[in-house]
Amino acid sequence: MDLTKHTPGHVSLSVKVKRAIWNVACLCLFRLFPTKLFRLWRILLLKLFGAKVQWDAEVYASAKVWAPWNLQMGHRACLGPDVICYNQDKVVLEDDVVVSQYGYLCTASHDVDMLNTADGSLVTAPIWIKEKAWIGSRAFVGLGVCIGKAAVVGATASVYKSVEDYHVVGGNPAKFLKKRIIKDE
């Protein structure tokens with residue numbers, strides 16, 4: 001997945017229709033089943049809308065997924081309570097990734113040099129979060145970012161550039177804090 005280029009985009013009519021159907025299904029069939037007992041039901045709904053989600057993944061009922069067809073989640077990956085996954089482009093969470101409560105994954109923005117043009121200024125790029133990474137509470141991950149293997153994004157951090165494997169970052173904008181040492185690897 002090429003994370004370096006931003007793809008100019010607009011929301012097509014077919015995506016608007018799919019989004020409308022997803023929003024109704026989400027409201028009636030996804031959010032109304034908040035307990036962990038319905039985890040598999042939520043995974044099934046996401047899969048029916050095109051998500052590539054492993055059965056042992058976890059998506060809380062309060063998480064907001066903009067486009068299930070742009071979501072891929074590995075084994076034991078988790079979108080925690082009230083996470084916003086604004087995935088106009090692909091979002092990939094590899095195995096054992098955790099996005100903590102109120103995290104925000106944002107694959108779209110605007111080209112500031114084109115804000116006043118008639119053809120729109122929307123740009124999108126995917127987000128890729130590698131295995132065993134952890135996105136802290138209220139952290140923001142922007143478009144085109146790759147979070148490295150076993151990296152940690154601290155609570156309330158804002159990440160606009162990719163994070164290397166095993167790095168711990170924090171702040172706004174996120175800066176390197178330390179290298180993570182995992183004893184079992």
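The values are calculated or read from the model by the stated rules, or taken from the named source; none is laboratory data. Bear in mind the structure is a predicted one, so any value in this text is a computation, not a measurement. Glycine gets a Cβ as well: all are built from the backbone with ideal geometry, and neighbour counts include every protein chain shown. Quick note on the areas: whole protein, heavy atoms, side chains included, nothing else; ligands and nucleic acids left out. Shrake-Rupley method; radii C 1.70, N 1.55, O 1.52, S 1.80 Å.
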Region 48-118: relative contact order in percent, alpha carbon pairs under 8 Å with at least 6 residues between: 28
Amide H within-cut-off set for K64, under 5 Å, with H built and near neighbours excluded: V83, I84, C85
Within the accessible area of region 79-168 (1.4 Å probe), percent carbon and sulfur: 52
Fraction of beta bridges assigned by DSSP in region 132-185 that are antiparallel (%, nearest 5): 35
Euclidean distance of C-alpha centroids, region 76-113 and region 153-181, integer Å: 16
Cα-derived Rg over Rh, computed across the chain with Rh taken as Kirkwood radius: 0.98
Backbone HN-Hα couplings from phi across region 54-60 [Karplus 6.51/-1.76/1.60, Hz, Gly and Pro as x]: 5, 5, 9, 6, 10, 10, 5
Ranked packing of 63-71, 172-180, most packed first, by mean Cβ within 10 Å: 63-71, 172-180
Per residue, in Å², the accessible surface of the chain once ligands and nucleic acids are set aside, probe 1.4 Å: 53
Cα Rg, Dmax, region 18-63, angstrom units: 9.8, 27
Rounded if a/c under 1.5, otherwise prolate or oblate - region 87-185, Cα gyration tensor axes: prolate
The chain: antiparallel DSSP beta bridges as a percent of all, rounded to 5: 25
Reciprocal of mean inverse Cα separation for region 30-100 (Kirkwood radius, Å): 11.6
Contour excess over end-to-end distance, with Cα ends at A25 and V11 and 0.36 nm allotted per residue: 3.1 nm
